[in-house]
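Engineer: To start, I am sharing the structure in question, which I have written as structure tokens.
No value in this document is a laboratory result; all are computed from the given coordinates. For clarity, every value in this text was computed on a predicted model and none was experimentally measured. Every residue, glycine among them, receives a Cβ derived from its backbone with ideal geometry; neighbour counts consider all protein chains shown.
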Amino acid sequence: MATPTGAKKELKGADRYKAGVLEYKVMGYWQPDYVPKDTDVIALFRITPQPGVEADEAAAAVAGESSTATWTVVWTDRLTAADLYRAKAYRVDKVPNSPDQYFAYIAYDMDLFEPDSIANLTASIIGNVFGFKAVKALRLEDMRIPVAYLKTFQGPPTGVMVERERLDKYGRPLLGATTKPKLGLSGRNYGRVVYEALKGGLDFTKDDENINSQPFMHWRDRFLYCMEAVNRASAATAEVKGHYLNVTAGTVEQMYERAEFAKELGSVIIMIDLVLGYTAIQSISKWARKNDMILHLHRAGNSTYSRQKNHGMNFRVICKWMRMAGVDHIHAGTVVGKLEGDPLMVKGFYDTLLQPHTPVAPELGLFFKQEWASLGKCMPVASGGIHLGQMHQLLHYLGEDVILQFGGGTIGHPDGIQAGAEANRVALESMVQARNEGVDYLAKGPEILAKAAKSCKPLQHGLDTWKNISFNYESTDTPDFTPQVTPAR
Amino acid sequence: MTANPEEKSEGVQAFPDSFDLEGEFARSNVQAVLEKLDRELVGLAPVKQRIREIAALLLVDKARRSMGLETGAPTLHMSFTGNPGTGKTTVALRMAEILKNLGYVRQGHLVSVTRDDLVGQYIGHTAPKTREVIKKAMGGVLFIDEAYYLYKPENERDYGQEAIEILLQVMENQRDDLVVILAGYANRMEVFFQSNPGFRSRIAHHIDFPDYSEKELMSIAKLMVDAQHYVLTPEAEKVLRDYIPRRMKMPHFANARSMRNALDRAKLRQANRLFGRKDRTNLTRHDLTTIEAEDLLASRVFQP
Amino acid sequence: MHENPRNMTQGQFSFLPPLTDDQIKAQIAYAIKMGFAVSVEYTDDPHPRNTYWEMWCQPMFDTKDPAAVMLEVNECRKVWGANHYIKVQAFDNARWRESVAMSFIVNRPKHEPGLGLARTEGPGRSIHYRVHSYATDKPRGERYK
């Protein structure tokens with residue numbers, strides 16, 4: 001970009017506001033000495049500058065375009081406390097092993113954002129700036145949300161502990177399954193799958209993200225049959241059972257209508273898709289808090305912008321925003337299943353959703369210390385290509401506060417859906433039992449499962465069917481920092 | 001996973017041909033505990049001997065078990081008899097440690113109680129109280145001091161009997177979970193056992209704690225003085241030597257405990273003496289650590 | 001078709017063969033190791049939303065050894081075992097949990113009639129459901145006889 005003044009340092013006063021075009025860094029968007037305040041929002045971007053653009057100028061440009069700047073100087077800045085409103089790029093680091101990429105740290109004053117509005121926050125942070133020409137590619141890697149700003153958000157309507165208390169289920173991961181096939185079942189046939197899976201031993205069943213109200217099954221029909229199945233299963237097992245009724249619709253008004261009907265039928269949980277948009281998510285979250293409803297979020301669409309390493313945004317930022325916007329469940333990776341997920345990255349997502357505070361941990365992709373300001377915990381959901389033969393790995397990598405969803409692994413069981421559900425539950429219970437008894441369950445997982453299968457035929461058949469299935473592909477979204485051992489001197 | 005009865009019965013268990021008693025003893029760290037006891041308690045040779053014997057018995061018992069020789073679950077409940085201040089509680093603490101090291105109790109802690117901790121004031125109060133104490137002691141050693149107070153034959157409706165019955169049941173049925181040590185004066189314990197044969201039959205080891213000799217009491221007192229960073233002047237030491245036989249003849253003599261009390265009072269008088277001094281603006285280290293003859297001579301033991 | 005062997009599957013281990021006393025002790029040992037307070041509760045109404053079972057004793061906060069909890073489990077079994085459900089619960093008072101951390105059944109009544117489902121038809125094909133324990137058709141003390 002042209003630099004008519006040739007200035008190197010930040011300009012002040014009249015020089016700064018003379019009509020014309022200035023480099024972003026002399027306009028005050030690059031402040032290497034700036035110390036972020038506790039109340040600042042901080043964003044970390046991965047920047048790939050256009051050839052010929054310096055890294056600090058690119059960072060300043062991102063700071064400018066995501067806050068107050070436009071392409072030319074405007075005198076109306078002088079009517080404001082512009083120094084405050086200007087975002088400040090204060091640090092640029094080279095990305096390890098990626099010669100053309102930089103991590104830029106940018107601080108934003110809290111007053112740039114509307115309280116309790118993810119839409120407003122994101123309109124700045126991931127707004128115009130992502131199409132900006134000065135950068136070839138741009139990715140939002142992480143954010144530090146100040147406690148003061150977090151306190152304006154409701155957070156998860158229920159939270160992990162209250163959810164467990166409502167369900168009366170403790171000390172083990174929860175089990176779920178997505179009804180399959182995804183599309184085409186009539187309401188009556190759909191409810192059959194729900195009944196079999198819940199009665200067989202799962203805690204939850206789930207609508208898929210694209211099950212809304214289609215010609216083959218309208219929403220009321222689905223709700224009615226599913227709740228018949230849920231209640232029958234509950235009576236058969238003396239357990240609280242639930243089916244994530246997807247209330248996603250074309251308008252928010254229709255969503256409320258569906259959510260109200262779910263409540264009327266006594267469902268404990270409803271579901272939405274990430275593609276609703278942040279405002280609709282916050283609206284339904286408030287409705288859920290008001291109506292004692294657990295709120296499940298399917299992350300439909302996220303991979304379009306979160307998977308590639310150089311452009312878009314990291315999924316951990318979605319996790320942060322969704323914990324703020326307020327959902328109780330969010331799909332966050334399986335490590336061992338069919339969908340993208342490096343183990344360390346997934347741990348970073350899980351920590352972001354579940355911990356009261358997360359320290360800086362670059363190997364997990366956590367660049368900032370984050371205090372969660374009493375916002376509830378959001379339960380991660382592991383779904384996609386996982387099966388009972390991996391139970392020891394799932395428990396080891398994902399821990400206790402997680403919902404393990406075995407869709408194909410339940411419905412595709414050779415002895416039927418109930419048998420599939422029971423096999424999953426027996427595998428899970430035997431693994432938790434072994435863990436508590438102090439057994440090295442990660443190493444001895446297959447033995448533990450084989451032993452449990454002796455008194456559970458469905459488990460044996462499940463193990464026989466899936467024992468060799470795994471998905472070993474390279475992850476695309478991997479950590480930039482690997483933990484290093486300091487050599488002894 | 002933990003013991004599954006089905007698994008145990010699978011196949012014939014092969015027993016080893018030899019047992020490394022020496023190695024097992026070294027691993028158990030029992031020697032270290034015995035040495036600690038030697039440092040903590042002066043004299044008490046017969047008691048220490050009995051502890052060594054019990055440790056040896058338990059080790060051999062373990063060896064026999066490892067070779068599949070029928071032994072039966074050992075009874076480990078004990079009675080410690082002797083006058084106050086003869087080291088019963090300290091020995092009980094070390095005994096808990098030894099039992100833990102040899103694998104006869106899981107946690108190795110000691111819960112020390114008297115009648116008031118076990119017996120309630122009204123109907124229905126005693127059982128939960130006793131059970132609460134037993135629960136706290138589970139996996140360790142329950143030390144009941146002056147155990148004979150549990151039994152009050154003069155009162156027909158005494159709630160102590162309820163506590164006794166619960167204790168006896170646990171001592172019999174949960175020998176793996178809890179070791180009980182009953183303690184008190186020898187003669188009164190004897191009477192107690194006569195009227196409660198259930199206890200006597202469940203107790204495997206009786207240890208008698210003899211009174212300390214004058215010489216031993218002197219060593220104990222000097223150890224205490226040392227440990228608290230005080231020094232006796234030669235005159236004070238002479239007075240203390242004179243003090244001991246006089247105190248032994250008086251009522252409520254409690255061996256080591258009486259020594260501690262005597263020194264506590266001497267410390268009090270020393271403090272008062274220092275406070276009464278005119279030049280108290282510059283006390284020396286020597287002043288602060290020294291116990292003079294007069295600090296001991298003021299004791300009622302020397303009053304006519 | 002395959003069917004579940006049990007009609008009351010609350011708790012962490014209801015799908016496994018009934019836990020032996022040694023297995024129960026191993027779970028309690030884990031709870032104690034984690035610093036949880038362990039309690040024993042019983043009921044004759046297995047309704048899934050019957051939150052408040054009767055407390056057999058106070059939660060055991062300072063217990064060092066599983067045998068202490070087993071003592072209460074066995075006492076509770078003696079009194080209520082023939083016709084009640086008994087569960088062991090572990091409570092974690094760590095900030096951000098402050099709730100139940102473990103819960104598993106350690107005793108079942110000899111006969112388990114389970115629960116029934118009553119339906120009330122409403123407008124628009126909607127149905128309201130009532131799940132109820134057959135046991136509660138009789139007054140307390142006379143159930144499961």
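Engineer: Could you work out the mean count of beta carbons from other protein chains within 10 Å of each residue's beta carbon in A:431-441?
Structural biologist: On the way: counts 0, 6, 11, 2, 1, 13, 9, 6, 3, 0, 0.
That average works out to 5.
Engineer: Sticking with this one: Can you give the mean number of other chain Cβ atoms that lie within 10 Å of the Cβ atoms in peptide B:44-54?
Structural biologist: On the way: counts 0, 0, 0, 0, 0, 0, 0, 0, 0, 0, 0.
Mean partner shielding for this stretch: 0.
Engineer: Against the empirical 2.2 N^0.38 Å scaling, what ratio does the C-alpha Rg of chain A come to? It would help to have the intermediate numbers written out before the result.
Structural biologist: On the way: Rg = 24.9 Å, N = 489, 2.2 N^0.38 = 23.1 Å.
Compactness ratio reported: 1.08.
Engineer: At a Förster radius of 35 Å, what calculated FRET efficiency corresponds to the Cβ-Cβ distance of B:T71 and B:E40, to the nearest 0.05? Show your work: numbers first, answer last.
Structural biologist: Numbers: r = 32 Å, r/R0 = 0.91.
It comes to 0.65.
Engineer: Identify all aspartates and glutamates with a Cα-Cα distance to A:K467 below 19 Å; exclude those on the same chain that are fewer than 8 residues away in sequence.
Structural biologist: Cross-link targets: A:D415, A:E422, A:E429, A:E447.
Engineer: Can you order the peptides B:199-208, A:409-418 by their average number of other Cβ atoms within 10 Å per residue, highest first? Mind dumping the intermediate values first?
Structural biologist: Working: B:199-208: 16.9, A:409-418: 21.8.
The packing order, highest mean first, is A:409-418, B:199-208.
Engineer: With everything on Cα atoms, drop me the angle between helix A:219-237 and the longest principal axis of chain A, reported from 0 to 90° to the nearest 10.
Structural biologist: Orientation of helix A:219-237: about 60 degrees from the principal axis.
Engineer: Which whole-number percent gives the relative contact order of segment A:237-348, counting Cα pairs below 8 Å spaced six or more residues apart? All intermediate terms of the calculation are to be shown ahead of the outcome.
Structural biologist: Details: 126 pairs, mean separation 23.2, N = 112.
Result for segment A:237-348 is 21 percent.
Engineer: Using a cut-off of 12 Å between beta-carbons, work out the net charge of the residues near B:G103 (Lys and Arg +1, Asp and Glu -1, B:G103 not included).
Structural biologist: Numbers: positive: B:R27, B:K62, B:R65, B:K100, B:R106; negative: B:E24, B:D61, B:D176.
Cβ neighbours under 12 Å give a net charge of +2.
Engineer: Okay, which of segment A:253-275 sit inside 16 Å, backbone N to the point 7 Å along the Cα-Cβ direction of C:H128?
Structural biologist: Inside the label zone: A:261-267.
Engineer: Classify segment C:36-100 as rounded, prolate or oblate from the Cα gyration tensor: take a ≥ b ≥ c as the square roots of its eigenvalues, call it rounded if a/c is under 1.5, otherwise prolate when a/b beats b/c and oblate if not.
Structural biologist: On the way: a/c = 3.15, a/b = 1.21, b/c = 2.60.
In terms of gyration-tensor shape, oblate.
Engineer: List, largest first, the extents of the alpha carbons of segment A:100-167 along their principal axes, each in whole Å.
Structural biologist: 51, 27, 18
Engineer: On a straight-distance basis, which aspartates and glutamates could pair with C:K33 in a cross-link, Cα separation under 16 angstrom, same-chain partners fewer than 8 positions away excluded?
Structural biologist: Excluding near neighbours in sequence, the set is A:E437, C:D62, C:D65, C:D92.
Engineer: Quick one: plug the Kirkwood hydrodynamic radius of chain B (C-alpha pairs) into Stokes-Einstein at 37 °C, 0.692 mPa s, and report D in µm²/s. Don't skip to the end; give the middle numbers.
Structural biologist: Working: Rh = 22.5 Å.
The Stokes-Einstein estimate is 146 µm²/s.
Engineer: Under the classification rounded if a/c is under 1.5, otherwise prolate if a/b is larger than b/c and oblate if not, where does the protein assembly as shown fall, given a ≥ b ≥ c as square roots of the Cα gyration tensor eigenvalues?
Structural biologist: Values: a/c = 2.52, a/b = 1.48, b/c = 1.70.
The shape class here is oblate.
Engineer: Give the peptides B:265-278, A:21-34 in descending order of average Cβ contacts within 10 Å, highest first. Intermediate values should be presented prior to the final figure.
Structural biologist: Details: B:265-278: 13.5, A:21-34: 20.2.
Most protected by this proxy first, the peptides run A:21-34, B:265-278.
Engineer: For segment B:56-75 and segment A:245-309, what is the separation of their Cα centres, given in Å?
Structural biologist: About 66 Å separates the Cα centre of segment B:56-75 from the one of segment A:245-309.
Engineer: So, one more: Over segment B:82-135, calculate the relative contact order: mean separation of alpha carbon pairs under 8 Å at least 6 apart, over the residue count, as a percent.
Structural biologist: Reported relative contact order: 20 percent.
Engineer: Calculate the mean, over all residues of peptide A:163-170, of how many other protein chain Cβ atoms lie within 10 angstrom of the residue's Cβ.
Structural biologist: On the way: counts 0, 5, 3, 2, 2, 8, 5, 12.
For this peptide, the per-residue mean of nearby foreign Cβ atoms is 5.
Engineer: Students often forget the sequence filter, so: which aspartates and glutamates lie under 19 Å Cα-Cα from A:K25 once same-chain residues fewer than 8 apart are removed?
Structural biologist: A:E10, A:D15, A:D33, A:E54, A:D56, A:E57, A:E65, A:D77, A:D83, A:D93, A:D109
Engineer: Related question: Stokes-Einstein at 10 °C, 1.306 mPa s, Kirkwood radius from Cα pairs: D for segment A:8-85 in µm² s⁻¹? Walk me through the intermediate numbers first.
Structural biologist: On the way: Rh = 13.4 Å.
Estimated via Stokes-Einstein, D reaches 118 µm²/s.
Engineer: Go through segment C:22-116 and name the chymotrypsin sites (Phe, Trp or Tyr not before Pro) that are in a DSSP coil and have 13 or fewer other Cβ atoms within 10 Å of their Cβ.
Structural biologist: On the way: sites: C:Y30, C:F36, C:Y42, C:Y52, C:W53, C:W56, C:F61, C:W80, C:Y85, C:F91, C:W96, C:F104; in loops: C:F36, C:Y52, C:W53, C:W56, C:F61, C:W96.
Of the chymotrypsin sites (Phe, Trp or Tyr not before Pro), the ones in loops of segment C:22-116 whose Cβ has at most 13 other Cβ atoms within 10 Å are C:Y52, C:F61.
Engineer: Which value, in nm² and rounded to one decimal, describes the direction-averaged projected area of the C-alpha convex hull of segment A:323-447?
Structural biologist: Details: hull surface 34.7 nm².
If I average the Cα hull's projected area over directions, I get 8.7 nm².
Engineer: Quick one: work out the % antiparallel among DSSP beta bridges in the protein assembly as shown, nearest 5. Mind dumping the intermediate values first?
Structural biologist: On the way: 49 of 96 bridges.
Roughly 50 percent of the beta bridges in the protein assembly as shown run antiparallel, per DSSP.
Engineer: While we're looking at this one, here's another question. Could you pull out the pairs from A:K241/A:K290; A:K286/A:K320; A:K199/A:K347; A:K347/A:K377; A:K263/A:K286 whose alpha carbons sit more than 23 Å apart here? Provide the component values of the computation, followed by the final result.
Structural biologist: Values: A:K241/A:K290 21 Å; A:K286/A:K320 17 Å; A:K199/A:K347 32 Å; A:K347/A:K377 15 Å; A:K263/A:K286 14 Å.
Too far apart for the 23 Å limit: A:K199/A:K347.
Engineer: What percent antiparallel are the DSSP beta bridges of chain A, to the nearest 5? If you can, show how the numbers build up before the last one.
Structural biologist: Values: 25 of 52 bridges.
Once the DSSP bridges in chain A are tallied, antiparallel ones form about 50 percent.
Engineer: Run the numbers on chain A and let me know its relative contact order in percent, using alpha-carbon pairs under 8 Å that are six or more apart. Provide the component values of the computation, followed by the final result.
Structural biologist: On the way: 1001 pairs, mean separation 73.2, N = 489.
Relative contact order for chain A comes out at 15 percent.
Engineer: Classify segment A:1-143: rounded, prolate or oblate, from the alpha-carbon gyration tensor (a ≥ b ≥ c, eigenvalue square roots; a/c under 1.5 rounded; otherwise prolate if a/b is larger than b/c)? Before the final figure, lay out each step's value.
Structural biologist: Details: a/c = 1.59, a/b = 1.07, b/c = 1.49.
Judged from the Cα gyration tensor, segment A:1-143 comes out oblate (a/c at least 1.5, b/c at or above a/b).
Engineer: Return a single number: how many Lys pairs in segment B:1-159, at a sequence separation of 8 or more or on separate chains, have alpha-carbon atoms below 17 angstrom apart. Intermediate results must be reported in sequence, preceding the final value.
Structural biologist: On the way: B:K36/B:K48; B:K36/B:K88; B:K36/B:K100; B:K48/B:K88; B:K62/B:K100; B:K100/B:K136.
Here the count comes out as 6.
Engineer: Where both partners of a DSSP beta bridge lie in segment A:266-396, what percent of those bridges are antiparallel, to the nearest 5? Spell out each step's value before the answer.
Structural biologist: On the way: 3 of 13 bridges.
Of all bridge pairs located within segment A:266-396, approximately 25 percent are antiparallel.
Engineer: Hey, another quick one. Run lengths n ≥ 4 of DSSP H only: what is the helix-derived mean residue ellipticity at 222 nm for the protein assembly as shown, with -39500 (n - 2.57) per run over all residues, to the nearest 500?
Structural biologist: So the calculated ellipticity at 222 nm is -12000 deg cm²/dmol.
Engineer: Could you pull out the longest piece of chain B with no exposed loop GluC sites (Glu not before Pro) in it, calling a site exposed if DSSP puts it outside H, G, I, E, B and it has at most 14 other Cβ atoms within 10 Å? Can you show the working numbers first?
Structural biologist: Working: sites that count: B:E10, B:E70, B:E154, B:E156.
Between exposed loop sites, the widest span is B:157-304.
Engineer: Taking Cα centroids, how far is segment B:238-269 from segment C:25-79 in Å?
Structural biologist: Answer, in whole Å: 50.
Engineer: Here is a further query. Find which of B:H229, B:S213, B:S66 sits farthest along the positive direction of the dipole of chain B, computed with +1 on the beta-carbon of Lys and Arg, -1 on that of Asp and Glu, about the Cα centre.
Structural biologist: Of B:H229, B:S213, B:S66, it is B:H229.
Engineer: If you don't mind, there's one more thing I want to ask. Just how far, in whole angstrom, is segment A:370-437 from segment B:140-216 if you go by their alpha carbon centroids?
Structural biologist: Comparing the Cα centres of segment B:140-216 and segment A:370-437, I get a distance of 53 Å.
Engineer: What is the Å³ per residue value for the convex hull set by the Cα atoms of segment B:6-108?
Structural biologist: On the way: hull volume 12.8 nm³, N = 103.
Cα-based convex hull of segment B:6-108, divided per residue, equals 124 Å³.
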